[in-house]
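Worksheet: one structure, shown below.
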Amino acid sequence: MTGKRRAGPPRKADPRAGTTPGSGTPAFPVATRKTRRELRAERKRQQRRRVGAAGIAGIVVAALIAAAAITFGVQKAGSHDKKQPPGQTTLLLSIAAPDRSAVETALLAHDSQAHAGVELLIPGRLLTQVCGFGNQPLARVLALPGGEQLSRGAVTDALGGVTVDGSWVLTTAQLSTLINEVGGITVDVDTDVVENKPDGSRVLLIQRGAQQHLTGSNAVAFATYTVGTQDAAANLVRLQSVLDGLLAALPRTESAVMRLVTSVGGGAASTLGASRLAALLTGLAA
C-alpha cells in the first residue's frame, strides 16, 4: 500500500437528474413534456403552414363575392325558403384535368328579366368542408365520387348559401374544341406563356401582347397558366379573359349556341340541359 486510495468503479449517471453526479455534465438529453397549450399552439402552426396558400385564395374569393353582390343579386337560400327569382339561372363551370380535378372553376349567373349577369371566378385552392371527406381544396372536390353535386354544395356553402342550379364540366380538350369551333378567340395576353418540356427545355407557346388571336389549345394554356405559387389572382384574370373571349365569339341565337355546345360531345353536357345552357350563355354574351 502506498497510502493512495484505490479508484472505485465509475459512478453511474443519475437518470433523475440527467447528469453524472459530481460532474455537472449532462449524461443524456431529458425531453420536457409539452403542456396542452404548447401542443395546441404547435398544431395551429402546422395548420397555418398547410393552408396558407388557401387562405390567400379565400381573400380573393371574399373580394369577388362582394363584387358579385353589388353587381348582381344572386338569390340566397335563406331560412324563409325564398323561391328562385324568375329568370335567374346560376351554373357552376368546371374545367377538368385528365385526373378529373378542376383546373379552373367559375360560377356563371344570368337574370333574363333584369338583363344582368356575373362571372364569379373561384380559386381551386379554396378550402371547403365536404360531407364525408372533411376539408378539401375546391379543385379536388370534382374528382370525388359524386363530384359535380359535391362541388355545387361546396360553392353554395362557401358563398353563404347561394343557389347553384346546375353544373357544366368541360375537359381541357373539350374547351379547346369549343373554342376552335367558334374560330378561336381574341384576348389581351398579360405574360409570355411558356411550356416546360420533360427534357428541361422551355418552349414559348404564346407571346405577351394585346389582342392576340388564340386557337383552342393556346387559349386553354393561357387560361390555366400560372407563374409561381402566388399567381392565383392573375390566373383568375386570364380565365376571365378566355371566358369573355368565348362569349364574344358565340353565335347570337340560342338555337345556334345549343347546336354548338351539343357538338362538343355527350360528356360535355350540362345538368341544366342544352336549352337552358344555351339561354344562359346567350344572355351572358348579350
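The values are calculated or read from the model by the stated rules, or taken from the named source; none is laboratory data. Just so it is clear, the structure is predicted and the values come from calculations on it, not from any experiment. Cβ sites come from the backbone with ideal geometry, for glycine too, and all protein chains shown count toward neighbours. Just the protein is used for accessible areas: all its heavy atoms, side chains included, with ligands, DNA and RNA removed. Shrake-Rupley method; radii C 1.70, N 1.55, O 1.52, S 1.80 Å.
Here Glu195 passes the criteria (1) touching a strand residue (DSSP E or B) at 6+ places or on another chain (Cβ under 6 Å); (2) part of a helix (DSSP H, G or I) except the one numbered (2).
Taken together, the residues in the range 198-233 that are of a type in the set (D, E, K, R) and either under 23 Å from the mean Cα position of the chain (by Cα) or open to solvent by less than 80 Å² (accessible area, probe 1.4 Å) (or both) amount to 1. Hey, could you check the range 112-136 for residues that are assigned to a loop (DSSP other than H, G, I, E, B) and over 17 Å from Leu159 (Cα atoms) and say which is modelled with the highest pLDDT? Among those that are assigned to a loop (DSSP other than H, G, I, E, B) and over 17 Å from Leu159 (Cα atoms), it is Phe133.
Does Leu236 fit the bill of being open to solvent by less than 60 Å² (accessible area, probe 1.4 Å), touching a strand residue (DSSP E or B) at 6+ places or on another chain (Cβ under 9 Å) and either farther than 26 Å from Ala274 by Cα or part of a helix (DSSP H, G or I) (or both)? Don't jump to the end; show me each part of the working.
Numbers: open to solvent by less than 60 Å² (accessible area, probe 1.4 Å): yes; touching a strand residue (DSSP E or B) at 6+ places or on another chain (Cβ under 9 Å): yes; either farther than 26 Å from Ala274 by Cα or part of a helix (DSSP H, G or I) (or both): yes.
So Leu236 passes the test.
Note on the range 137-179: residues that are open to solvent by less than 30 Å² (accessible area, probe 1.4 Å), in a strand (DSSP E or B) and of a type outside the set (Ser, Thr, Tyr) total 5. A count restricted to the range 102-128 and to residues that are over 20 Å from Gly147 (Cα atoms), among the hydroxyl-bearing types (Ser, Thr, Tyr) and without any contact (Cβ under 8 Å) to a residue 40 or more places away in the chain stands at 0. Cβ-Cβ contacts under 6 Å between residues 6 or more apart (or on different chains), taken from a first residue in the range 198-209 that is outside any loop (DSSP other than H, G, I, E, B) to a second residue that is open to solvent by 90 Å² or more (accessible area, probe 1.4 Å) and at pLDDT below 95, are listed as Arg202/Asn196.
If you check Val164, Val193, Val187, which single one turns out to be modelled with pLDDT under 95 and under 24 Å from Leu260 (Cα atoms)? Walk me through it before giving the result.
Working: Val193 fails: under 24 Å from Leu260 (Cα atoms); Val187 fails: modelled with pLDDT under 95.
Val164 is the lone residue from the list that is modelled with pLDDT under 95 and under 24 Å from Leu260 (Cα atoms).
Entry remark, the range 89-108: residues being open to solvent by 20 Å² or more (accessible area, probe 1.4 Å) and out of contact with any Ser or Thr (no Cβ under 8 Å at 6 or more places or on another chain) number 2 in total.
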